Amino acid sequence: MAATAPIAVPGPVVKPLPQPHAPKPAALKVGEAPRELERQPLVLNNRSIGWITDAIAGICEKPMPKWWWPAFIVSAGIMSMMFALITYLISTGVGVWGLNQPAGWAWDITNFVFWIGIGHAGTLISAVLFLFRQKWRTSINRSAEAMTLFAVACAGIFPVVHVGRIWFAPIFLAPIPNANTVWPQFKSPLLWDVFAISTYGTVSLLFWYTGLVPDLATLRDRATGKIRKIAYGFFALGWTGSNRHWSNYEKAYLILAGLSTPLVLSVHSIVSFDFAVSVVPGWHTTIFPPYFVAGAIFSGFGMVLTLLIPLRALFKLHDIVTTRHLELMCKVILATGSIVGYAYGMEFFIAWYGGSPYELYAFKNRAFGPYWWAYWTMISCNVISPHFFWFQKLRTSALFVWCASIVVNIGMWFERFVIIVTSLHQDYLPSSWGYFTPSWVDVFTFVGSFGLFMTLFLLFIRFLPAIAISEVKGVTPQADPHHPLGGAKGHH
Amino acid sequence: MSASTNTSYGLLASFETPADIMDAAIKCRDAGFTKWDVFTPFPIHGMDAAMGVKKSQVGWFTFAGGFTGFFTGMTMIWFMNSHDYGLVVGGKPLFTPLYAFPVSYELTILFGSFATLFGLLFLNRLPRLHHPLLAVKNFKKATDDGYFLCIEAGDPKYAPEVTRTFLVEQCHARLVETVED
């Protein structure tokens, strides 16, 4: 790696502010900022622009490290197991799963909501933090967006295969008439969901690709082999780094961020409508849209940390994905985890205050009924565990953060399970009550979806820059023409 | 134009730092060049003003796409659930914009995003299979850590020797080379 020597940093120079009307300038002298108020740089050790290119592009140019092939083979094996089980499901029928009346939705929709929620952090990082000008997002947005795409791919599988006779799926998914010339029913949130999820997947792909174009050009210009040159060159679309192009590009990027922000908020709101628009006690609540969105961001940041902490350790990216990045993500988890905890409390309060005996029963049944273990797993993972992040010592320990991020993911899977299964298994008529137990096919199909997710992620880090090269360069002081490190002379 | 400049695409000047190329861009703008561009590995803040580049028009494409998307959603749902085959569900009206809103909202975003990407490609005249600059070996640094300024031979103010001198002496270019077309 052609690491350039670190550039010397001049010490903090704080000039007294010009005070035209001040009678005694000496009394208004501005002192140096205290040490603790200084912001840590986003890229540590004053790495040069060229070092950033080498460090990130180098990952997908050099042969993969030894662990990559075993990891890939295991992931691909788990993924194949999922496809085999889906073939079994389609050829035999949904009876191979454990769900049946009264719990007609169980692990399938739990997994769907779980994976869609995971995806939301990617869009939050790439779009919402961009609009808020949070420059730290540049180190993590590319891999988080990739995670979004792969999570949406995993999510999309479950609602499609759970329908039973899957060969009829195009008729009730796409806006085409069935054999009796009846069109799909647009008053149903399930159809809104089809449009929300497919739009979300497509727009996330467009946004991700737009961000990739300048970096693909970097890879094209560094490529040595012919195949790489052609492949990267094809997808780089002839990008030259022209400022007239950058001008349109930055505008388009801002607009895509502006479009993705209302999109991501609408997607999980519409997912929550699948439940909230029904009349099932425990589902029919107005708190669902904001509560689902907060939970989605909470779980998504958990997954970003689960992926990024090993990634930065294995590829030695500590100068680009710094402890400050981890800390900031932990703070988002703390904030959204607190919102989720508040929502759990408020749900219970409204169940009592609302006066519906069925609603109150549904909530008592959640906490103390046959699925009490799932409810209390959810509470301990989602309500208690994020509060460890109040302590800086824990936020800065990569190992602790990684373990906590997995706990968050477990908790959020249980949240969806609790909402779906505990509400369905005992609703209005005691004669129709039941108890859902997953079959082995349920369990291994879900495990298999992690295989798909990891396979796609491993291919991503193998062939594409896992960190946005041009964006990380853009937030360094070396890129600022008004900073001494960017070449600014004294007169600036 | 003489025969010798016919094969030349222009002059490519390279710079060391963002500040250097920004100063050079200001000088080129003030010298009245029109067919010229700056090439950098990342967008440099303030470069649009330094070059005198007008505000990007991408937003109009987004607006057109988003408007089309919303209109498509509303029309499609009205046609399908009210006009062509009226579906009565829960005693609700055959069509109201309320239940058609979520899908139309998603289509606004979907069409708007596609229009933004295609608008971006159209305004940038991309994809492009080849560009004379991409054949320059040194230019590969434009996507790494190099800063370049190119004045095209098609510029009315372009004169090979005078422009080269201008780039070296006025703009303090580190290196100036002729780009073959």
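The values are calculated or read from the model by the stated rules, or taken from the named source; none is laboratory data. Being a predicted model, the structure only gives us computed values, none of them experimental. Positions of Cβ are backbone-derived with ideal geometry, glycine not excepted, and every protein chain shown enters the neighbour counts. Accessible surface is based on the protein model in full, side chains and every heavy atom, while ligands, DNA and RNA are left aside. Shrake-Rupley method; radii C 1.70, N 1.55, O 1.52, S 1.80 Å.
Within the group B:G91, B:G66, which residue is without any contact (Cβ under 8 Å) to a residue 60 or more places away in the chain and more than 9 Å from every other protein chain (Cβ to nearest Cβ)?
B:G91
Quick check on B:V162: is it more than 28 Å from A:A57 (Cα to Cα), touching a strand residue (DSSP E or B) at 6+ places or on another chain (Cβ under 7 Å), β-branched (V, I, T) and open to solvent by 50 Å² or more (accessible area, probe 1.4 Å)?
For B:V162, the condition - more than 28 Å from A:A57 (Cα to Cα), touching a strand residue (DSSP E or B) at 6+ places or on another chain (Cβ under 7 Å), β-branched (V, I, T) and open to solvent by 50 Å² or more (accessible area, probe 1.4 Å) - is not met.
For segment B:1-60, enumerate the residues that are closer than 19 Å to B:F166 by Cβ and of a type in the set (K, R).
Hits for segment B:1-60 are B:K27, B:R29, B:K35.
Table: residues versus (1) touching a strand residue (DSSP E or B) at 6+ places or on another chain (Cβ under 7 Å); (2) among the small types (G, A, S); (3) within 7 Å of chain A (Cβ to nearest Cβ); (4) under 30 Å from A:N180 (Cβ atoms).
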{"residue": "B:R128", "(1), (2), (3), (4)": "no, no, yes, no"}
{"residue": "B:L133", "(1), (2), (3), (4)": "yes, no, yes, no"}
{"residue": "B:G154", "(1), (2), (3), (4)": "no, yes, no, no"}
{"residue": "B:V168", "(1), (2), (3), (4)": "yes, no, no, no"}
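I'd like the full set of residues that are aliphatic (A, V, I, L, M), open to solvent by 10 Å² or more (accessible area, probe 1.4 Å) and more than 11 Å from the chain's Cα centre (by Cα), limited to segment A:110-160.
Across segment A:110-160, the qualifying residues are A:V128, A:L129, A:L131, A:A153, A:I157, A:V160.
Answer yes or no as to whether B:A115 is on the phi < 0 side of the Ramachandran plot, of a type in the set (A, V, I, L, M, F, W, C) and assigned by TED's automatic domain parsing to the domain that holds B:F42. Show your work before the answer.
Details: on the phi < 0 side of the Ramachandran plot: yes; of a type in the set (A, V, I, L, M, F, W, C): yes; assigned by TED's automatic domain parsing to the domain that holds B:F42: no.
The answer is no for B:A115.
Between A:I379, A:I350, A:I410, A:I419, which is buried (at least 20 other Cβ atoms within 10 Å of the Cβ) and either out of contact with any Phe, Trp or Tyr (no Cβ under 6 Å at 6 or more places or on another chain) or polar (S, T, N, Q) (or both)?
Selected residue: A:I419, the only one of A:I379, A:I350, A:I410, A:I419 that is buried (at least 20 other Cβ atoms within 10 Å of the Cβ) and either out of contact with any Phe, Trp or Tyr (no Cβ under 6 Å at 6 or more places or on another chain) or polar (S, T, N, Q) (or both).
Looking at segment A:434-492 only, could you name the residues that are among the β-branched types (V, I, T), away from chain B (no Cβ under 14 Å) and either in a helix (DSSP H, G or I) or open to solvent by less than 20 Å² (accessible area, probe 1.4 Å) (or both)?
A:V441, A:V443, A:T445, A:V447, A:T455, A:I461
So, in segment B:113-149, exactly how many residues are in a helix (DSSP H, G or I), within 17 Å of A:T218 (Cβ to Cβ), open to solvent by less than 50 Å² (accessible area, probe 1.4 Å) and in contact with a Phe, Trp or Tyr (Cβ under 9 Å, 6 or more places away or on another chain)?
Here the count works out to 5.
Collect the residues in segment A:309-324 that are open to solvent by less than 40 Å² (accessible area, probe 1.4 Å), over 18 Å from A:C403 (Cβ atoms) and not hydrophobic (A, V, I, L, M, F, W, C), keeping them in residue-number order.
Residues satisfying the conditions are A:D319, A:T322.
Return yes or no: is B:Y105 at the interface with chain A (Cβ under 9 Å from one of its Cβ atoms), under 19 Å from A:P175 (Cβ atoms), open to solvent by 20 Å² or more (accessible area, probe 1.4 Å) and in contact with a Lys or Arg (Cβ under 7 Å, 6 or more places away or on another chain)? Don't jump to the end; show me each part of the working.
Working: at the interface with chain A (Cβ under 9 Å from one of its Cβ atoms): yes; under 19 Å from A:P175 (Cβ atoms): yes; open to solvent by 20 Å² or more (accessible area, probe 1.4 Å): yes; in contact with a Lys or Arg (Cβ under 7 Å, 6 or more places away or on another chain): no.
Against the criterion (at the interface with chain A (Cβ under 9 Å from one of its Cβ atoms), under 19 Å from A:P175 (Cβ atoms), open to solvent by 20 Å² or more (accessible area, probe 1.4 Å) and in contact with a Lys or Arg (Cβ under 7 Å, 6 or more places away or on another chain)), B:Y105 does not qualify.
With the requirement that a residue be free of Cβ contacts under 8 Å to residues at least 60 places away in the same chain and within 30 Å of A:A252 (Cα to Cα), what does segment A:175-194 give you?
A:P175, A:L191, A:V194
Would you please name the residue that is nearest to the other protein chains (Cβ to nearest Cβ), looking only at residues in segment A:234-258 that are surrounded by 21 or more Cβ atoms within 10 Å (Cβ to Cβ) and under 20 Å from A:C60 (Cα atoms)?
That would be A:W239.
Which of the residues that make up segment A:168-207 are open to solvent by 30 Å² or more (accessible area, probe 1.4 Å), of a type outside the set (V, I, T) and more than 7 Å from chain B (Cβ to nearest Cβ)?
Residues satisfying the conditions are A:F168, A:P170, A:F172, A:L173, A:A174, A:P177, A:N178, A:A179, A:N180, A:L190, A:S198, A:L205.
Could you grab me the full set of residues in segment A:412-442 that are free of Cβ contacts under 8 Å to residues at least 60 places away in the same chain and closer than 30 Å to A:P310 by Cβ? Can you show your working first?
Initially, segment A:412-442 is screened for residues free of Cβ contacts under 8 Å to residues at least 60 places away in the same chain, giving A:414, A:418, A:429-431, A:440.
A:F414, A:V418, A:W440 - these are the residues of segment A:412-442 that are free of Cβ contacts under 8 Å to residues at least 60 places away in the same chain and closer than 30 Å to A:P310 by Cβ.
With the structure loaded, tell me whether B:V58 is open to solvent by 30 Å² or more (accessible area, probe 1.4 Å), facing chain A (nearest Cβ under 8 Å) and touching a Lys or Arg at 6+ places or on another chain (Cβ under 6 Å) or whether it fails that test.
No.
Let's see how each residue does on (1) under 30 Å from A:L317 (Cα atoms); (2) polar (S, T, N, Q); (3) modelled with pLDDT of 95 or more:
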| position | (1), (2), (3) |
| --- | --- |
| A:G354 | no, no, no |
| A:P357 | no, no, no |
| A:G369 | no, no, no |
| A:W376 | no, no, yes |
| A:W390 | yes, no, yes |
| A:Y428 | no, no, no |
| A:W440 | no, no, yes |
| A:V443 | no, no, yes |
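Go through (1) of a type in the set (D, E, K, R); (2) surrounded by 18 or more Cβ atoms within 10 Å (Cβ to Cβ); (3) under 24 Å from A:E471 (Cα atoms) for A:R39 and report which single condition fails.
All conditions pass for A:R39, except number (2).
Would you please name the residue that is modelled with the highest pLDDT, looking only at residues in segment A:320-342 that are farther than 14 Å from A:G411 by Cα and of a type in the set (S, T, Y)?
A:Y342
Could we say that B:D181 is under 17 Å from B:A24 (Cβ atoms) and among the acidic types (D, E) here?
No, not satisfied.
For residues that are within 21 Å of the chain's Cα centre (by Cα), within 14 Å of chain B (Cβ to nearest Cβ) and among the hydroxyl-bearing types (S, T, Y), scanning just segment A:259-308, find the one that is surrounded by the most Cβ atoms within 10 Å (Cβ to Cβ).
So the residue we want is A:S260.
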